[in-house]
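J.: Please see the structure below; I have some questions.
The values are calculated or read from the model by the stated rules, or taken from the named source; none is laboratory data. Note that the structure is predicted; figures quoted are calculated from it, not measured. Methodologically, a virtual Cβ is constructed for each residue, glycine included, from the backbone with ideal geometry; neighbour enumeration extends over all protein chains shown. Accessible surface areas use protein heavy atoms only, side chains included; no ligands, DNA or RNA. Shrake-Rupley method; radii C 1.70, N 1.55, O 1.52, S 1.80 Å.
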Amino acid sequence: VVHFHRFFDLESVSNVESIESIVIDTDSSAVESDQDTISNTVSTEESAELINHGWFINKYGYTYLYEDSGYEQFNYSNLTLNRYVDGLNELVNLIPETTKIYNIVVPVSSTFADIPREIYTEDNFYNKSQSAFVSTVASKTNERINNIPIVELIEEAYGGGEEVFFRTDKNWTSVGAYYAYRAFCEAEGISAYTLNSFPKINAGDYLGRFYLATESAEMLENPDEFICYLPMPTVNTTLSVYDYGTVYTNYILCGNNATTNTLYDIYVGRTAGRYELNTTSGGGNLLILGDSSAYPMLSYLASHYSKIDLIDPQYLDTTLAEFLKGREYNAVISMCYSTNATSGDYIPAFNTIIGVTENNG
């Protein structure tokens with residue numbers, strides 16, 4: 001793997017066969033002629049002289065860096081939006097009528113970032129509206145799906161200086177996830193606990209994927225502080241991690257091995273297809289279909305539900321229909337980052353376990 005130690009310019013990637021676009025979404029129809037969409041060409045003017053902003057090519061794809069923070073670009077087309085909606089609507093057919101279904105699109109930090117417009121223009125770093133994406137999804141989903149919009153909540157907290165996102169990693173923090181937990185509780189009609197009610201864990205300095213992608217000196221000098229939370233002190237929990245036939249029971253919800261600088265390791269111990277959480281809270285059963293955005297939610301929700309199953313479609317070794325046999329839930333949450341909803345492997349995997357036939361045309 002080659003890491004590029006200077007900012008994106010054509011000379012620095014001369015060993016790459018073809019660089020036509022820096023649009024992350026591999027669907028070419030995502031490049032549309034409106035001002036919110038990234039340019040289809042790479043600006044090279046004085047790019048080699050950029051000091052603290054620009055693009056990096058790396059094993060994760062393309063990473064944008066501005067000062068000591070990394071960003072993912074949010075872009076989508078009608079094709080990718082409809083693919084996401086198709087999966088959600090097909091999910092309805094697998095869930096009993098008596099079970100409530102919720103959908104949460106988790107925003108990424110890129111469209112909230114305080115980056116001067118001239119820098120956006122110089123670097124061709126344009127992002128589409130995440131709020132518009134969420135509202136369009138809500139207008140297209142089955143009436144049984146309760147869409148919970150949280151983009152404005154997160155944007156307000158971000159603008160107020162709260163650390164709702166990591167700077168060195170693409171994920172949101174436990175503070176960001178708390179806002180989604182609170183919004184879900186309101187929709188579900190249960191009383192949310194205050195954030196300071198949950199036991200707090202400081203896992204120490206953290207350098208995440210954006211740092212690994214860029215090896216930024218600014219990030220190295222100013223790492224994130226990894227703060228996470230456990231369930232209410234009165235609630236005991238046991239976590240079982242199911243990874244392709246192997247079951248691990250030696251992990252907790254947060255505060256596992258932090259020396260690897262890997263989000264999975266700190267929150268739930270390891271990446272896997274299914275996590276089963278049993279608690280003494282005395283509540284009902286909850287199913288979550290989600291990516292890594294769901295990890296920090298588990299501690300909060302464990303204080304309300306006796307059993308929570310979290311499925312990551314990218315690693316599940318069966319279909320959802322097979323998994324649901326003999327299982328009943330009071331509620332189902334589908335949640336993923338806006339970037340995973342519109343690009344990458346997550347939604348194809350989600351639709352596969354749901355039973356949606358992919359249309360790549």
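J.: Can you tell me how many residues in the stretch 287-319 are without any contact (Cβ under 8 Å) to a residue 60 or more places away in the chain, open to solvent by less than 10 Å² (accessible area, probe 1.4 Å) and in a loop (DSSP other than H, G, I, E, B)?
T.: So the count comes out to 3.
J.: For the stretch 333-352, indicate whether the set of residues that are in contact (Cβ under 8 Å) with a residue 40 or more places away in the chain and of a type in the set (D, E, K, R) is non-empty.
T.: For the stretch 333-352, residues in contact (Cβ under 8 Å) with a residue 40 or more places away in the chain and of a type in the set (D, E, K, R): absent.
J.: State all residues of the stretch 164-190 that are open to solvent by 10 Å² or more (accessible area, probe 1.4 Å) and either more than 16 Å from VAL108 (Cβ to Cβ) or more than 17 Å from the chain's Cα centre (by Cα) (or both); if no residue qualifies, say none.
T.: Within the stretch 164-190, TYR178, ARG182, ALA183, GLU186, ALA187, GLU188, GLY189, ILE190 qualify.
J.: Now for a different question. Just for the stretch 191-219: of the residues that are under 22 Å from PHE56 (Cβ atoms) and among the aromatic types (Phe, Trp, Tyr), which one is most open to solvent (accessible area, probe 1.4 Å)?
T.: TYR211
J.: Inspect all residues belonging to the stretch 233-240 and state whether any of them is open to solvent by less than 30 Å² (accessible area, probe 1.4 Å), under 21 Å from the mean Cα position of the chain (by Cα) and of a type in the set (A, V, I, L, M).
T.: Scanning the stretch 233-240, I find no residue that is open to solvent by less than 30 Å² (accessible area, probe 1.4 Å), under 21 Å from the mean Cα position of the chain (by Cα) and of a type in the set (A, V, I, L, M), so the answer is no.
J.: For the stretch 120-154, enumerate the residues that are at pLDDT 95 or above, in a helix (DSSP H, G or I) and acidic (Asp, Glu).
T.: Listed by number, the list holds a single entry, GLU152.
J.: For the stretch 274-313, which positions are within 11 Å of ILE333 (Cβ to Cβ) and within 13 Å of the chain's Cα centre (by Cα)?
T.: LEU289, GLY290, SER293, ALA294, MET297
J.: How many of the residues making up the stretch 261-286 are open to solvent by 10 Å² or more (accessible area, probe 1.4 Å) and assigned to a strand (DSSP E or B)?
T.: Total satisfying the criteria: 6.
J.: OK, next. For ILE252, all conditions in the list (1) open to solvent by less than 10 Å² (accessible area, probe 1.4 Å); (2) touching a strand residue (DSSP E or B) at 6+ places or on another chain (Cβ under 7 Å); (3) over 27 Å from GLU97 (Cβ atoms) hold save one; what is the number of the exception?
T.: (1)
J.: Test THR168 against the criterion of being touching a Pro at 6+ places or on another chain (Cβ under 7 Å) and either in a loop (DSSP other than H, G, I, E, B) or not acidic (Asp, Glu) (or both), and give yes or no.
T.: Against the criterion (touching a Pro at 6+ places or on another chain (Cβ under 7 Å) and either in a loop (DSSP other than H, G, I, E, B) or not acidic (Asp, Glu) (or both)), THR168 qualifies.
J.: Being part of a loop (DSSP other than H, G, I, E, B) and out of contact with any Phe, Trp or Tyr (no Cβ under 9 Å at 6 or more places or on another chain) is the filter; apply it to the stretch 84-111 and report the residue that is surrounded by the most Cβ atoms within 10 Å (Cβ to Cβ).
T.: Among them, the one singled out is LEU94.
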